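The values are calculated or read from the model by the stated rules, or taken from the named source; none is laboratory data. Note that the coordinates shown come from a computational prediction; the quantities given were computed from them, not determined experimentally. Counting neighbours? That spans all protein chains shown, and the Cβs are built from the backbone with ideal geometry, glycine included. Note: accessible area is taken over every heavy atom of the protein model, side chains too, but ligands, DNA and RNA are not part of it. Shrake-Rupley method; radii C 1.70, N 1.55, O 1.52, S 1.80 Å.
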Amino acid sequence: MAQQRPQVKPVVMTPELTKVVIDTLSRALVANYVFTDKAQVMSKYLYAQLEKGAYRNIKDPQAFAEQISTDLQTACPDLHMGFHFDPRLAQMGPPPMRGPDPQQDSVRNVFMAERNFAFTASEILPGNVGYVKFNGFVDVTPSAKETVTAAFRFVRYTKTLLIDLRENHGGSPEMVKQVLSYFFAEKTRVNDIIVPNKRDTAKGWTDPTATDGLILRMPVYVLTSSGTVSAAEDFAYAMQATKRGTIAGEKTAGGSHPVVPVFLGHGFVAGIPFAHTYNIHTGTEWEGIGVIPDIALKADASLDEVNSTLFPNSWFANQQKAIDRPIAPTEVQAYLGTYEGGLKFYTKEGSFYCENPERGGQVFKLRYISPGFYQLDENVQVKFGQQQGSASGMQFYWSDGNISFKQKTQ
């Protein structure tokens, strides 16, 4: 079939062809671009460039397309605006109006399944912090939804959740609403899509009935970068506007306009934004502005850095603070002795130790965090001088987020 396709004739830009393409593009902008006044601005700028001879010496259609793209962005910055020379795509023309194509849908689903529907991580960090990372919002299919649900179900019992969108470049608005739905027990209005030329508004609602019974209620932090764009910004903005999530990272790219391909002939295709978003909670959107983080973080911050910055008093952060240093006996005199479970605390040669019969008499050297607060072992931090009722003792802070009390017995 590939051999039987008509060969694409080489295109050379001439003054006549340049004028035809700009005329066609100008009409397409005015007819389709989300804001008519800005479409007029772009059109006038292109004609001014044409009049100045900016395209006169460009013969290569690819170079011409690149220059037109630059000029469009100069006249009216819009991250979703595009102009391309793609004769193969242009030869195919607009996709025909049709119902579902099982064969094509199956191929596409296999392609996305091999990439785990853009999900790259679902894990539990120290301190019982959940972490989910995905790099795109794919179409909502049964397999994709199953993967999304599984990723979030794995972290459903964590105390806090990090959602990493730092490498997420967008995708399906429907998948955005699907993912948002896991975080709202009630149907909630998020971001609408408005098509001015058709005077049409697609209202954005979460749907708690679409989550297989999984609703996540823990605090959520969304990690962003300057490369977080489009549907990824849609998600971040909705979480921030509804006060359901805290944004941590860099200001996002600032692209909110949905786009449609317009075939202009001669191998040229324009991606023209035809709608804009609107959030009823803020009365605006993020186009050209980006989602402004609540907490500033570098995009390349490691998870250790993220965890320590966001949760400075967390188990993980305290583990990072723990150091080996000499301990004077007078410093810990009040903490020495035996505690519930047979734990024995003592000093020896300037260090602070614990003998733990529950772990076969193993001896651990405590590491200093702050006065009265120490790292005991890989799972536990202890805070001495605590009170529970009439009993004196210490608090055990476990890596899974639990807290228990150990009474001092002698």
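Going by what's in this entry, would Val262 be described as in a strand (DSSP E or B) and either modelled with pLDDT under 95 or open to solvent by 40 Å² or more (accessible area, probe 1.4 Å) (or both)?
Taking the combined requirement at face value, the residue satisfies it.
Can you report the number of residues in the stretch 125-150 which are farther than 16 Å from Phe111 by Cβ, in contact with a helix residue (DSSP H, G or I) (Cβ under 9 Å, 6 or more places away or on another chain) and small (Gly, Ala, Ser)?
2
Out of the residues in the stretch 8-21 meeting the condition of being in a helix (DSSP H, G or I) and either acidic (Asp, Glu) or in contact (Cβ under 8 Å) with a residue 40 or more places away in the chain (or both), tell me which one is most open to solvent (accessible area, probe 1.4 Å).
Top of the filtered list is Glu16.
Scan the stretch 233-245 and tell me whether some residue there is over 24 Å from Phe311 (Cβ atoms), out of contact with any Pro (no Cβ under 6 Å at 6 or more places or on another chain) and open to solvent by 30 Å² or more (accessible area, probe 1.4 Å).
no
Every residue in the stretch 348-392 that is farther than 24 Å from Ser314 by Cα, open to solvent by less than 20 Å² (accessible area, probe 1.4 Å) and touching a residue at least 24 places away in the same chain (Cβ under 8 Å), please.
Of everything in the stretch 348-392, just one residue is farther than 24 Å from Ser314 by Cα, open to solvent by less than 20 Å² (accessible area, probe 1.4 Å) and touching a residue at least 24 places away in the same chain (Cβ under 8 Å), namely Ser351.
Just give me the residues in the stretch 37-85 being among the charged types (D, E, K, R), in contact (Cβ under 8 Å) with a residue 24 or more places away in the chain and closer than 29 Å to Thr252 by Cβ, in sequence order.
Lys38, Asp71, Asp78 - these are the residues of the stretch 37-85 that are among the charged types (D, E, K, R), in contact (Cβ under 8 Å) with a residue 24 or more places away in the chain and closer than 29 Å to Thr252 by Cβ.
Of the residues Ser314, Ser308, which single one is under 30 Å from Gly350 (Cβ atoms), of a type outside the set (D, E, K, R) and over 22 Å from the mean Cα position of the chain (by Cα)?
Checking each option against the conditions leaves just Ser314.
Might you let me know whether the stretch 324-344 holds any residue that is touching a helix residue (DSSP H, G or I) at 6+ places or on another chain (Cβ under 7 Å) and farther than 22 Å from Asn128 by Cα?
yes
How many residues are β-branched (Val, Ile, Thr) and either in contact with a helix residue (DSSP H, G or I) (Cβ under 7 Å, 6 or more places away or on another chain) or closer than 17 Å to Val140 by Cα (or both) when one looks only at the stretch 162-188?
So the count comes out to 2.
Please verify whether Tyr33 is over 35 Å from the mean Cα position of the chain (by Cα) and surrounded by 14 or more Cβ atoms within 10 Å (Cβ to Cβ), treating the condition exactly as stated.
No.
Within the stretch 317-347, track down each residue that is open to solvent by less than 10 Å² (accessible area, probe 1.4 Å) and part of a helix (DSSP H, G or I).
Matches in the stretch 317-347: Ala317, Val332.
Name the one entry in Gln388, Gln320 that is out of contact with any strand residue (DSSP E or B) (no Cβ under 9 Å at 6 or more places or on another chain) and under 30 Å from Thr158 (Cβ atoms).
Among Gln388, Gln320, only Gln320 is out of contact with any strand residue (DSSP E or B) (no Cβ under 9 Å at 6 or more places or on another chain) and under 30 Å from Thr158 (Cβ atoms).
How many residues are open to solvent by 10 Å² or more (accessible area, probe 1.4 Å) and not β-branched (Val, Ile, Thr) when one looks only at the stretch 246-255?
Of the residues in that region, 3 qualify.
Looking only at the stretch 171-220, count how many residues are open to solvent by 10 Å² or more (accessible area, probe 1.4 Å), in contact (Cβ under 8 Å) with a residue 40 or more places away in the chain and under 15 Å from the mean Cα position of the chain (by Cα).
Total meeting the criteria: 3.
Could you grab me the full set of residues in the stretch 287-314 that are among the charged types (D, E, K, R), out of contact with any Lys or Arg (no Cβ under 9 Å at 6 or more places or on another chain) and over 20 Å from Ile369 (Cβ atoms)?
Glu287, Asp294, Lys298, listed by residue number.
Output the number of residues of the stretch 373-400 satisfying the condition of being touching a helix residue (DSSP H, G or I) at 6+ places or on another chain (Cβ under 7 Å) and not in a strand (DSSP E or B).
1
Which residue, of Phe352, Phe396, is among the aromatic types (Phe, Trp, Tyr) and farther than 28 Å from Leu161 by Cα?
Being among the aromatic types (Phe, Trp, Tyr) and farther than 28 Å from Leu161 by Cα holds for just one of Phe352, Phe396, which is Phe352.
On the given criteria, is Asn307 part of a helix (DSSP H, G or I), touching a Gly at 6+ places or on another chain (Cβ under 8 Å) and open to solvent by less than 30 Å² (accessible area, probe 1.4 Å)?
Yes, satisfied.
Quickly run through the stretch 125-156 and pick out the residues that are β-branched (Val, Ile, Thr), modelled with pLDDT of 95 or more and over 21 Å from Glu174 (Cβ atoms).
Result: Val155, single match.
At pLDDT 95 or above, farther than 30 Å from Val140 by Cβ, among the basic types (Lys, Arg) and in a helix (DSSP H, G or I): does that describe Lys59?
Considered against the rule, which asks whether it is at pLDDT 95 or above, farther than 30 Å from Val140 by Cβ, among the basic types (Lys, Arg) and in a helix (DSSP H, G or I), Lys59 comes out as no.
If Ile289 passes every condition in (1) aliphatic (A, V, I, L, M); (2) open to solvent by 30 Å² or more (accessible area, probe 1.4 Å); (3) touching a helix residue (DSSP H, G or I) at 6+ places or on another chain (Cβ under 7 Å) but one, which one does it miss?
In the conditions (1) aliphatic (A, V, I, L, M); (2) open to solvent by 30 Å² or more (accessible area, probe 1.4 Å); (3) touching a helix residue (DSSP H, G or I) at 6+ places or on another chain (Cβ under 7 Å), Ile289 misses (3) alone.
Consider the stretch 129-170. How many of its residues are among the aromatic types (Phe, Trp, Tyr), crowded, with 17+ Cβ neighbours inside 10 Å and assigned to a helix (DSSP H, G or I)?
Matching residues across the stretch 129-170 total 1.
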